[in-house]
Structure formats: structure tokens, C-alpha cells
1. Nothing charged except the Cβ atoms of Lys and Arg (+1) and of Asp and Glu (-1): what's the magnitude of the dipole of the range 1-99 about its Cα centre? Round to the nearest 20 debye.
2. Convert each backbone phi in the range 14-24 into a coupling constant with the Karplus relation 6.51 cos²θ - 1.76 cosθ + 1.60 (shift: θ = phi - 60°), then list the ³J(HN,Hα) values in order as whole Hz, x for Gly and Pro.
3. Which label marks the calculated value of Cα extents along the principal axes in Å, given the options (i) 36, 28, 20; (ii) 59, 44, 22; (iii) 77, 27, 20?
4. Hey, what do the phi angles of the range 89-101 turn into as Karplus ³J(HN,Hα) couplings, whole Hz, using 6.51/-1.76/1.60 and θ = phi - 60°, x for Gly and Pro?
5. In whole angstrom, note down how far apart the Cα centers of the range 68-86 and the range 23-62 are.
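The numbers here are math on the coordinates, done by the rules we state, and not lab data. This one's a predicted model, so the numbers in the text were calculated from it and none came from an experiment. Cβ: placed from backbone, ideal geometry, glycine included. Neighbour counts: every protein chain shown.
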Amino acid sequence: MSYQIKSDGKIYSSVMKHLGTVKSDGKIYSSVMKHLGTVKSDGKIYSSVMKHLGTVKSDGKIYNPVNKNLGNVNNITKLFKNSSMIKPHLLVGAYHFIIKKIF
């Protein structure tokens, strides 16, 4: 399945169903605007209660809190039609909270 990101940060499925929203401040919300988590500018991803879930490093690798490699950002960007509209660490956070759990 492919996903699409609009310029306002809203994420849609391939059938244009609104799945969630990524705000420019790193907060991620469900389609009913429930806060799901936050992605910091340093690539760290936190739950809505600020529990550290994982990190996206500058080399594009995704790690859990104990530094176990979970994959690459490229694997996630391939699922989005216009992934260049959003920073890679925000994209990983959005994928985790809105589409499929990684951590």
C-alpha cells in the first residue's frame, strides 16, 4: 500500500482516507486530533507520555532505545508518494504512530 503526504502535513491512504497529521513542531496526531507522539529535531521519537521509543540517525538508520538497528529510512520513504515534503525523522515517527508500529 502507498501513502500520500499533503503540504499541510496530513497523511492519506491510497484511497484518500485521512489517517493522521504531522505538525511542523514534531507532534503527530491521529485523524481525530488525538496526540500520539512527538519527534524531536535530533531524531529522537517519544510517545505521548514522553517515553523514548527510538532514534533516527543522520545516516538514515533507525534504532530502538538500546541502539539495536531496526532498519533504514529508505524502506519507509518508498511507501510514500511524496516523501520529500517531510523530514526523514518525522516520516519515521508518522509511520510508527499512524500506520504500523516499528518500536
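1. 80 debye
2. Coupling constants for the range 14-24: 5, 9, 6, 7, 6, 9, x, 9, 10, 8, 5 Hz.
3. (i)
4. 5, 5, 5, 5, x, 4, 4, 4, 7, 9, 10, 8, 5
5. Cα centroid of the range 68-86 versus Cα centroid of the range 23-62: 14 Å apart.
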